[in-house]
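The values are calculated or read from the model by the stated rules, or taken from the named source; none is laboratory data. Just so we're clear, the structure is a prediction, and the values are computed from it rather than from any experiment. Cβ sites come from the backbone with ideal geometry, for glycine too, and all protein chains shown count toward neighbours. What goes into the accessible areas is simple: the full protein's heavy atoms, side chains included, and nothing from ligands, DNA or RNA. Shrake-Rupley method; radii C 1.70, N 1.55, O 1.52, S 1.80 Å.
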Amino acid sequence: MLKNYLKIALRSILRHKAYSIINISGLAIGMASSILILLWVQNELSYDRFHKHAEQIYRITSNAGDFKTAVSTAGMTQGFQSVLPVIKNTVRLIKPTTALFTVGDRKFEEHRIFYADSTFLDIFSFPLVKGDVRTAMMRPDAILITEYMAKKYFGKENPLGKVLRKDNQDNVVVTGVLANIPTNAHLQFDFIIPIAAIAHHRYMTENLWDNFDFYDYIQLDKNFHAAPGALAGLEHQLDKIYLQHEKDIKIDLHLQPLTRIHLHSNLQLDLSGMGNIQYVNIFFVVAIFILVVACINFMNLATARSARRAKEVGLRKVVGAGRGQLIRQFLGESLLISFFSLLVALVLVWLVLPAFNTLAGKTLTLQLSDGRLLLSLLGISIATGILSGSWPALFLSGFQPVKVLKGSLRNLGGNRVFRNGLVVVQFIVSIVLLIGTVVIFNQLRYIRNRNLGFEKENLLYMRMKGNMWNKKDALYAGLTQHSLNWTVTSDLPTDLVTGSINVIWPGKDPKSQIVFPSMDVDERFFDIFHMKILSGRAFSKDFKSDTTNYILNETAARTMRMTPNSAIGQQISFQDTKGSIIGVVADFNFKPIQRTIEPLVMRLNKYGGIIVVRTQPGATEATIKTLGKISQELEPAYPFAYNFLDQDLANQYKGEQQMGSIFNLFALLAIFISCLGLYGLSAFIAEQRTKEIGVRKVLGASLFNIVKLLSTDFTRLILIAMIIAIPLAWWAVNKWLQGFAYHIQVGWAVFLLAPLIALLIAWITVSYESIKAGVANPIASLRSE
């Protein structure tokens, strides 16, 4: 029996080649799209789950009012562990730093360096391929390097015991080689240096509780039941202990599970490269939608073609076939098509995966040797086959043999209402995705072109390194001598991380605890960045008192209940230094636009930091050469390095750009799959109505009349889909835009234009078969009459 079913299914597939190609290609593209998305989703959800103690590890985060940060203090881990037995182990990491490493005559500036406690390898499961886990981080001059860095610096030599020169000052000894860090770890680094190397710093020797510069992790006892109530109780205990050490700072501490850091970290001062759970949810839904759209194609075409198999069903029933046997037969055919589609989909995924990885910024792989993945793919194939074949199987098996064999085939073209409903669902999905594509494109364009409050183009910068700090006067003289338009600032206005709550102003509420970010800028800063001073003046060398004076942004003045004009001359205190407000600058973005502009305090730069140069059109290359020459003259030990500010800003939104590109790709694929099914359906309906079209042409119907006849029903269905899709799309895009503090206002034109595009695409799809039927010779279709 099974062999008979299989033989009939194969014959049916081979006999109706066009129908089979449309079905298999539609399902294959839908499956391939879903597999790619699910590989991406699986990767995002897998972050940090490879750690042995992942379920017991938490990061301490802190909230000061609305200011939510990922950082903690030096004293917290030891202080909490000494009081709370439930904390089994702790580790602190200092924010990633940059250093110059030298071996022989080779030198490289590295940016992915962490200082960490010696318990680092006890808590995190980063494999040490060379060295002793117990002693690797015990000596203060130790350094752990990854396999990639071991090869970069030492080639095929054994790196253990080898010496690296750090910043032309200190020697560090390689005591361990780590396996290359998995891409699904939120901690991405190339070097680990023991915190003992900087144990002489005050915040280390005194274990201060007010310096938020550390990423603190704790490992709870495995017997601790981490229910929400238990975690809330433990957080309350942490707050009480912190209050014993710092009575003047009011913060709330939270425990963030290690496995949630990557996707649930909308926190300031966090590590780079974090994901977004919202995008994971969006793409998971898109994957399901695409698969459903592909299944709808199959169901529509199968039920529409039911009349062709009516006699087969009737004869089988007459000779004794039961409905259950027929259902199994038709489901078998559906599963066979689904299996063929899966094979084609796997080939498509294999072909496009490198390009998809480039688009998504991932290193995804399709490991068919992975039993879980293989079972998942087979599960998708079986689910797709059953979902797409269930209704046709139930419908076809329900034919009454008497009516069929008498030739009563008028109503055997499938349940028209059901078929039309499926077409509506397809185009609801397509229109929602198309509107989403337009909105995402416009929002990303808005991000690129938004007025940040300063001109970001033609600004390049160079960080002061090594002895350059001690040669500032010579550096500034060289910049001036070469007639460069330059300024020196402590930070770039891209993602400012410094801040303080130690700010006092006239009339301040004693209970108020607002975090004020700060920047140190020089006299030329506002001119170089083309910022607008609303009142007062910029810093000036003509005023010696400016060393203790301040400039605020509009938001800071508003926070202090001042206007730009009334703020001038007011006395404030910032970090225990009193001074006067001498100017108010128009608000500008100094953090990503997902965040609102915060109150900013600017002081006169006395130490140096980052040299920013505004280049003249056509003179960028010459400016870079000049900077390189100055850099090498003053600090030849460090390689010259520069960057462009607008590139840094673009990199901030790399995740959004990638998400937008991926979304656009799969939205277009969903529309393509919908149109593929629409094409097959229109071709079949045109074939069914061949004689009607022939009669109409004989009676004088024009080509336009024929096309209109065959397109009207589909147009009506798409208009219904538009009415349903527009409010759904409005809700979805506005929910997504809420993640940006500054975003576009979506006008009615978007909700009208995108559905009209979908309608136009559908018309083009249907018109091909309609025109083909309309230009056919009516004699051929009426000859049998």
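Miscellaneous remarks
- Ile764-Asn449 FRET efficiency (beta carbon distance; Förster radius 25 Å; 0.05 resolution): 0.15
- When the surface is traced with a 1.4 Å probe over the full set of protein chains, Leu756 keeps roughly 80 Å² accessible.
- Length released on extending from Asp213 to Arg372, taking residue separation times 0.36 nm less the Cα-Cα span: 53.1 nm
- Inter-part distance where the stretch 95-138 and the stretch 209-262 are each reduced to a Cα centre, Å: 27 Å
- Positive-end extreme of charge dipole, the chain - chosen from Gly332, Ser46, Ile757 (charges on Cβ): Gly332
- About the centre of its Cα atoms, the stretch 182-279 shows a dipole size close to 220 debye [charges on the beta carbon of Lys, Arg (+1) and Asp, Glu (-1) only; nearest 20 debye].
- Accessible area per residue in Å² at 1.4 Å probe, computed on the stretch 435-507: 46 Å²
- Approximating the spin labels as points 7 Å out from Cα along Cα→Cβ, the Asn502-to-Asp141 distance works out to 3.5 nm.
- Per atom type, the chain shows carbon and sulfur on 58% of its accessible surface, probed at 1.4 Å.
- Given charges at Cβ of Lys, Arg, Asp, Glu: the chain dipole, positive-most of Asn553, Val429, Gln367: Val429
- Across the options Gly466, Ile528, Leu737, the greatest Cα extent toward the positive end of the charge dipole of the chain (unit charges at beta carbon of Lys, Arg, Asp, Glu) belongs to Leu737.
- Point-charge dipole on Cβ atoms (K/R +1, D/E -1) for the chain, about Cα centre, debye to 20: 4200 debye
- Cα long-axis angle, helix 371-396 against the chain (0 to 90 degrees, to the nearest 10): 30 degrees
- Measuring with a 1.4 angstrom probe and ignoring ligands and nucleic acids, Lys532 comes out at about 130 Å² accessible.
- Ligands, DNA and RNA are left out, and with a 1.4 angstrom probe the accessible area of the stretch 560-652 is 45 Å² per residue.
- Sequence-distant contacts, meaning Cα pairs under 8 Å at least 6 residues apart, place the relative contact order of the chain at 16 percent.
- With the simple spin-label model, which puts each label point 7 Å out from Cα in the Cβ direction, the Asn158 to Val347 separation comes to 5.1 nm.
- In the distance distribution for the stretch 165-285, Cα-Cα pairs more than 17 Å apart total 73 percent.
- Lys708 versus Ile771: modelled label distance in nm, points set 7 Å from Cα along the beta carbon direction: 1.8 nm
- The sum of -39500 (n - 2.57) across all DSSP H runs of n ≥ 4, divided by the residue count of the chain, sets its helix-only mean residue ellipticity at 222 nm to -16000 deg cm²/dmol.
- Span from the the stretch 30-94 Cα centroid across to the the stretch 704-750 one, whole angstrom: 40 Å
- Virtual paramagnetic centre 7 Å along Cα→Cβ of Ala741, amide N under 14 Å, in the stretch 472-516: 493-499, 515-516
- Each Lys and Arg adds +1 at its Cβ and each Asp and Glu adds -1 at its Cβ; summed about the Cα centre, the stretch 522-629 shows a dipole of about 100 debye.
- Between the alpha-carbon centres of the stretch 528-589 and the stretch 424-461 there is a gap of 35 Å.
- Pairs from the table (Lys130/Lys166; Lys52/Lys151; Lys95/Lys735; Lys151/Lys362; Lys250/Lys508) lying more than 25 angstrom apart at Cα are Lys52/Lys151; Lys95/Lys735.
- Counting only alpha carbon atoms, the long axis of helix 228-245 and the longest principal axis of the chain meet at about 10°.
- Between helix 654-688 and the chain: long-axis angle, C-alpha atoms, 0 to 90°, nearest 10: 10 degrees
- Per residue, in Å², the accessible surface of the stretch 103-255 once ligands and nucleic acids are set aside, probe 1.4 Å: 50 Å²
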